[in-house]
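Data block below; observations after.
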Amino acid sequence: MKFDLYLENYIKNASDKQENLSFEDGYVLSGAIQLYLVNGNNEYKEFVKSYVECGISNDGKLIHDKEINNFVLGKSLFFLLEQTGEEKYKNAIENLMLQLETIERDQDNVFSFGEDQLESFLEIFSILLPFYTEYETKIGKKEKYNDIIGQFKRVRERIKEISVSQALLVKEFYLLALLESYQVISEQIFEHYKLLEDYIKELLKEEKDNSIIIAYGILKSCNSKALLKEKYQDRGIEILDSQNELKENLGEVTPENKKMLGTLMMAYAQLLMLRNEE
Amino acid sequence: MDFKIIFQSARSIVIELIDAGIYQLEEAYNIYLDEKLYLTSDKVVQTIDGFKPDTTYHLYIEQNGEKSNSISFHTDKESYTLNVKDFGAKGDGMRDDTGSIQAAIYACPKDGRVLVPKGIYKISTLFLKSDLRLELAEGATLSAITDREKYPIFPGRIESYDEKSEYYLGTWEGNPLDMFTGIITGLNVSNVMIYGKGTIDGNASTDNWWHNPKTRNIAWRPRLIFMNNCENMIVQGISVKNSPSWNIHPFFSRNLKFIDLTVTNPKDSPNTDGLDPESCDNVEIVGVYFSLGDDCIAVKSGKIYMGAKYRVPSSNINIRQCCMRDGHGSVTLGSEMAAGINKLTVKDCLFINTDRGLRIKTRRGRGKDAIIDDVVFENIKMDHVMTPFVINSFYFCDPDGKTEYVRSKEKLPVDERTPYIKKLKFKNIDCKNAHVAGVFAYGLPEQKIDKIEMENIKISYADAPNADVPAMMEGISPYTKQGIYVNNIKTFEINNVLVEGCQGEAIIAENVDELIIDGKKKE
């Protein structure tokens, strides 16, 4: 309950929004959207709206043209377009897609962001691929699904080669990319839908480390039926419970703990969704 | 004039005239039962009913004073009749009679009959059980409720606890997706007969099931009759109409007969295919009349995932004495055919006012098991069929059809995604009033169609043809009165093929390895 109050207070008084969005902001936005979808609290929607309006103009132009961080807004733009129907969000989505089309590719035809570290590459990949998938599903007629799935396949191969010390963080980013893309890919292109599902299951079943993102992945997959609720939800809840102390003592929101807050919000939303189902 | 009995039950038989014509005769004939005139008909396949169980009858037919041989037959035994009204059904068109009829179905013993007498029975889903005889009497209508909240859902798949297998229940356009249960649903049942002169009315319209038809609303739309993993199933005599989606959909089922049915839906109704056997074996479709908004018969075997996973093709499909009217395709193969289709025969049929006669729809990506082989069309009359023969290896409809991989006319590598069309044979076919083209056959450059053989075919054109594209593929524009166009075929052999009144050349063959016309090889 303390966490609920903390969140309410944060959402009402958030003053850390700024034009220069960071990847950490993406977690908070995703958490707010998911909580809104569970509890219908308008304040979460308004929070997302005010946040997004820091990043786009009234006619949907991206304030920081060509900034890779713009993709943090992707999920929120689709959410707000569906909620409000306002043209500026549609325009911003199209502008973001234009930006995506200019991103370079490497020799494997995977997006290349100029990042040498797999960890840094995957952080960007994890926000870009879900936007790309959602665009193709809702606007692009699914023509680029082969490209999207191809990138997931090739990145999976790269992850297999990483050292143990890097493993968790890298896998977490890849998992987020999978989870958010799986949520928006069309089930009608079933072989692609199922492949993402298989990759999610493989990763979650193999992963022995515990983290909030792993908990989020398990709970979200139980909700989407990618994982058997009966077999897996307890582990997800246990991991989340183990973070209680952290949850109850977040303190002031800073750039350093914003990712923590966002992922807690996301996982908490999935937990509430599971409970609502019961 | 001679006939044979092709179906017999305790209450009815179906006769089929031998060598008497296609579907409907120009002159009626009389049917005599025990020496008394019982019925007059002009249909080649005719139901005769009103019999008592376990009784011997004598039958002959007569036309213009010419009598057939008399045939004696003994109707099947029947144990009990369970009248649904005794189970509480009202048949007043108001009360929801689902529970009452379902109770009668579950109470029915082997060799018993569930009788639905005259009346309008509001239902949602009725689940069949094994060894059931369900009779819809003349004037009886099972009238479907259109409130989707009243329908159960079949999940597309349910994972086993050990996570090693999946149980598939629902399906939509070749994928295991959640669907509302069919208005009549058979699941893992055998030895079922649905027969009579009654009707199943899906009551679909643009106010309900056909509103936003391409969007999933809670679950995908129900079929009117859905059979999942069933065998020895017979549907005979009844009419089905206004289906929410495909009318009759047998799925992974075996030994099926569909006899003397009437399947009608409005011309503009969405996805209202008539009868779509999907991954089924040994299917007989005889004397069925179709008039609807999509393909009359579409033989399928899963889109990609189900086809590749289970590799169950549709095999041994025998279609004869049917009339296909107003649909997109008269007999279609695909487009979901990832496990292949083979041994398909279409004989003695009428195709009227459909967009295409034979329609093969496939594309790259369907997979290496997507093999079409041993397809024979024989003794068919077509009238106002826009393009009588269409074989399209670049079919672009569906959400994933408009990709460069699908549309490319370049020779791509043959791999696990490449479909294959083998042998097709067309014989004794008269196509009057074609509009767009006589034949449009386009194989893949990297996996050419093995062989198309055409014999005794006549194609003529409508005086005022409507322009359209011959096939749903990218890169072609609407046109009229084209002759025969074939591309990417190993052997194209035509004997006694007459194309009358086309614009331009009668035959254009491109990338054909062996072209044989009237027995002579052309260079």
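Values for this structure:
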read-out	value
Shape metrics for chain A, restricted to C-alpha atoms - Rg then Dmax, Å	17.8, 50
Region A:1-160 - Rg (one decimal) and Dmax (whole number), Cα, Å	16.4, 50
Beta bridges by DSSP in chain B, antiparallel share as percent, to the nearest 5	20
Most to least packed among B:448-455, B:164-171, B:195-202 [average Cβ atoms within 10 Å]	B:195-202, B:448-455, B:164-171
Shielding by other protein chains, A:186-197, mean Cβ within 10 Å	6
Local electrostatic count, residue B:97, Cβ distance below 13 Å [Lys/Arg +1, Asp/Glu -1]	+2
Hz values of 3J(HN,Hα) by residue in region A:135-144 - Karplus curve (6.51, -1.76, 1.60), Gly and Pro given as x	4, 4, 5, 9, 10, x, 6, 6, 5, 9
Considering only the protein assembly as shown, percent of DSSP beta bridges that pair antiparallel, nearest 5	20
Extended-chain gain in nm, criterion 0.36 nm per residue less alpha-carbon gap, residue A:242 and residue A:167	24.9 nm
Tilt relative to chain B, helix B:98-107 - C-alpha long axis, 0 to 90 degrees, to 10	80
Net charge of neighbours whose Cβ lies under 10 Å from the Cβ of residue B:54, counting Lys and Arg as +1 and Asp and Glu as -1	0
Inverse mean reciprocal Cα-Cα distance (Kirkwood Rh) of region A:17-58, Å	10.5
Calculated SAXS-style log₁₀ I(q)/I(0) at q = 0.12, 0.20 Å⁻¹ - region B:430-484, Debye, Cα scatterers	-0.34, -0.82
Enclosed volume per residue, in Å³, of the convex hull spanned by Cα atoms of region B:50-164	214
Cut-off under 5 Å, modelled amide H: who pairs with residue A:112 long-range	A:104, A:105, A:106
Rg [Å, one decimal], Dmax [Å, integer] - region B:371-458, C-alpha atoms	14.8, 41
Cα-based Rg of region B:98-147 normalised by 2.2 N^0.38 Å, two decimals	1.11
Over the protein assembly as shown, volume per residue of the alpha carbon convex hull, in Å³	181
Radius ratio Rg over Rh of region B:254-296, counting only Cα atoms, Kirkwood formula for Rh	1.01
Translational diffusion of region B:401-516, µm² s⁻¹ [Kirkwood Rh, Cα pairs; Stokes-Einstein; 20 °C; 1.002 mPa s]	142
Integer Hz, Karplus 6.51/-1.76/1.60 couplings in order for region B:163-175, x for Gly and Pro	6, 9, 8, 10, 9, 9, 10, x, 8, 9, 6, x, 10
Positive minus negative residues near residue B:383 (Lys, Arg vs Asp, Glu; Cβ under 10 Å)	+2
Under-5 Å amide H pairs with residue B:485, H placed in peptide plane, nonlocal only	B:439, B:440, B:441, B:508
Whole-Å semi-axes of chain B's equivalent ellipsoid (Cα gyration tensor)	39, 30, 19
Gaussian network model of chain A, springs between alpha carbon atoms under 10 Å - residue of A:69, A:109, A:95 with greatest fluctuation	A:109
Residue B:514 long-range amide H proximity, modeled H, under 5 Å	B:491, B:492
Calculated SAXS-style log₁₀ I(q)/I(0) at q = 0.16, 0.20, 0.21 Å⁻¹ - region A:123-261, Debye, Cα scatterers	-0.88, -1.24, -1.31
√(5λ) per eigenvalue of the Cα gyration tensor, region B:238-344, largest first, Å	22, 15, 11
q = 0.11, 0.15 Å⁻¹, region A:30-110: log10 I(q)/I(0) [Debye, one scatterer per Cα]	-0.31, -0.54
The protein assembly as shown, helix-only ellipticity at 222 nm - DSSP H runs n ≥ 4, -39,500 (n - 2.57), divided by all residues, nearest 500	-8500 deg cm²/dmol
Using a Förster distance of 22 Å, the FRET efficiency for residue B:464-residue B:490 (Cβ separation, nearest 0.05)	0.05
Share, in percent, of DSSP beta bridges within region B:354-481 that are antiparallel, nearest 5	5
Set A:205/A:229; B:118/B:267; B:150/B:300; A:138/B:309; A:144/B:303; A:160/B:368 screened for pairs whose C-alpha atoms are more than 24 Å apart	B:118/B:267; B:150/B:300; A:138/B:309; A:160/B:368
Kirkwood hydrodynamic radius (C-alpha pairs) into Stokes-Einstein, region B:145-190, 20 °C and 1.002 mPa s, D in µm²/s	182
Note, ³J(HN,Hα) from phi for region A:64-76, Karplus 6.51, -1.76, 1.60, rounded to Hz, x at Gly and Pro	10, 4, 6, 6, 4, 5, 4, 5, 4, 7, x, 4, 5
Dipole in debye (nearest 20) - chain A, about Cα centre, beta carbon charges: Lys, Arg +1; Asp, Glu -1	580
Taking all pairs of distinct alpha-carbon atoms in region A:95-205, Kirkwood radius in angstrom	14.1
Mean Cβ neighbour count within 10 Å, used as a protection proxy, ranking A:202-215, B:75-88 highest first	A:202-215, B:75-88
For residues of B:202-212, the mean tally of beta carbons on other chains within 10 Å	0
Distance histogram in 5 Å bins (all Cα pairs of region B:90-246, percent per bin)	2, 9, 17, 22, 20, 15, 9, 4, 1, 0, 0
Dipole of chain B, positive direction: furthest Cα of B:50, B:63, B:161, with charges on the beta-carbon	B:161
Cα→Cβ-extended label distance, 7 Å offset, between residue A:231 and residue A:102, nm	4.7
Where labels lie 7 Å past Cα in the beta-carbon direction, separation of residue A:14 and residue B:404 in nm	3.9
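All of the numbers you see were taken from the coordinates with simple rules; none came from a lab. Keep in mind it's a predicted model, so treat the numbers as computed, not measured. Cβ: placed from backbone, ideal geometry, glycine included. Neighbour counts: every protein chain shown.
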